[in-house]
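Student: Next up is a structure, given as structure tokens.
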Amino acid sequence: MNPIDRDGWSPMPHSNEDLAKSRSVPDTPQTRSPTYRLAFADDDFLTHRDLRGLRLQMELLKPEMTLSKRGIRSTVVLFGGARIPEPGGDAWAAKNETQKANLEKNSRYYEEARRFARRCSEHSAQHGHKEFVVVTGGGPGVMEAGNRGAADAGAPSIGLNIVLAHEQAPNLYVTPELCFNFHYFAVRKMHFIMRAKAVAIFPGGFGTMDELFETLTLIQTGRMERVPVLLFGDEFWERAIDLDFLAEQGTISPGDQDLITRVETADQAWKVIEDFYDFA
């Protein structure tokens, strides 16, 4: 009998049945030809430039279908530097002594990210791990701290990894069944925001700033409902970005700076979320 899918029983063969059959056909010049492969099982065909639109759709659908099936309705996003070590850890990314000293100094944010993620996950447990589920980029540094904090609470967490020029593997704290890999940065960033009820940004580099400003742009332009945007680390961000200067120059509106809430600790950040959603 054919498998039952979400649309119910079908008298037609399922694609995975035909895929299995196609792999057991006699070995002939015809069956070895690339043209004979089933289109949906042909990597060369699926990676053709003309199939970009389909690949974008597939990268949108695969995580969406998985998270929906899991019943995950909302998330808390943690953005931050991959290079920030845990306290006492190796500042592996440092290129000189100044960078080493600063990375080690900023390692305190690894611990704050871990504590914040644990606090979110403890609240998530009250909702069957369907709300306020921690999501990170799945890599090292602050991302690892976020997934690790969720694991500390015995909670699942999501990792949205991406293929980079340098080898990157997911950190070991991401829930394996919620660990995804992306080719397109744009689709990955959509998945960060699609369920977000809060966005926490820790010290980081270009990628972190890209994610911060994309979030602010979506909220500022009304393309996304306002959610708490928590900026950890006043000392770091005071020098990294100057929103007051942008407001003075007229390139953002007065008050746009208030889209961000500056915090130093996990407790401060969680209090902002409690007040915003009035569930203290």
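Student: Could you tell me which of the residues Leu230, Leu216 is in contact with a Leu (Cβ under 8 Å, 6 or more places away or on another chain), in the same structural domain as Glu131 (by TED's automatic domain parsing) and surrounded by 17 or more Cβ atoms within 10 Å (Cβ to Cβ)?
Tutor: On the way: Leu230 fails: in contact with a Leu (Cβ under 8 Å, 6 or more places away or on another chain).
From the options Leu230, Leu216, the qualifying one is Leu216.
Student: Among the residues of segment 189-233, write down those that are without any contact (Cβ under 8 Å) to a residue 60 or more places away in the chain and charged (D, E, K, R).
Tutor: If the condition is that a residue be without any contact (Cβ under 8 Å) to a residue 60 or more places away in the chain and charged (D, E, K, R), then Lys189, Asp210, Glu214, Arg223, Glu225, Arg226 are the ones that fit.
Student: In addition: I'd like the residue in segment 84-131 that is without any contact (Cβ under 8 Å) to a residue 12 or more places away in the chain and among the polar types (S, T, N, Q) and, out of all such residues, is nearest to Phe232 (Cα to Cα).
Tutor: Across segment 84-131, the extreme among qualifying residues is Asn102.
Student: Regarding Arg37, is this residue among the basic types (Lys, Arg), outside the structural domain of Leu178 (by TED's automatic domain parsing), surrounded by 13 or more Cβ atoms within 10 Å (Cβ to Cβ) and modelled with pLDDT under 95?
Tutor: yes
Student: Let me ask something else. Determine which single condition Ser22 fails, assuming it passes every other condition in (1) out of contact with any Leu (no Cβ under 8 Å at 6 or more places or on another chain); (2) of a type in the set (S, T, N, Q); (3) farther than 30 Å from Arg115 by Cβ.
Tutor: All conditions pass for Ser22, except number (1).
Student: Going residue by residue through segment 166-173, is there one that turns out to be farther than 24 Å from Ala117 by Cα and free of Cβ contacts under 8 Å to residues at least 12 places away in the same chain? Before you say what the answer is, go through the steps one by one.
Tutor: Step one: filter segment 166-173 for residues farther than 24 Å from Ala117 by Cα, giving 166-167.
With the extra rule that they be free of Cβ contacts under 8 Å to residues at least 12 places away in the same chain, the set shrinks to 166-167.
Yes, that holds for at least one residue.
Student: Considering only residues that are of a type in the set (A, V, I, L, M, F, W, C) and more than 16 Å from Leu216 (Cα to Cα), which ones fall in segment 246-267?
Tutor: Filtering segment 246-267 for residues of a type in the set (A, V, I, L, M, F, W, C) gives 246-247, 252, 259-260, 263, 266.
The answer is Val263, Ala266.
The values are calculated or read from the model by the stated rules, or taken from the named source; none is laboratory data. Here the structure is a predicted model, which means the values were calculated and not measured. Cβ sites come from the backbone with ideal geometry, for glycine too, and all protein chains shown count toward neighbours.
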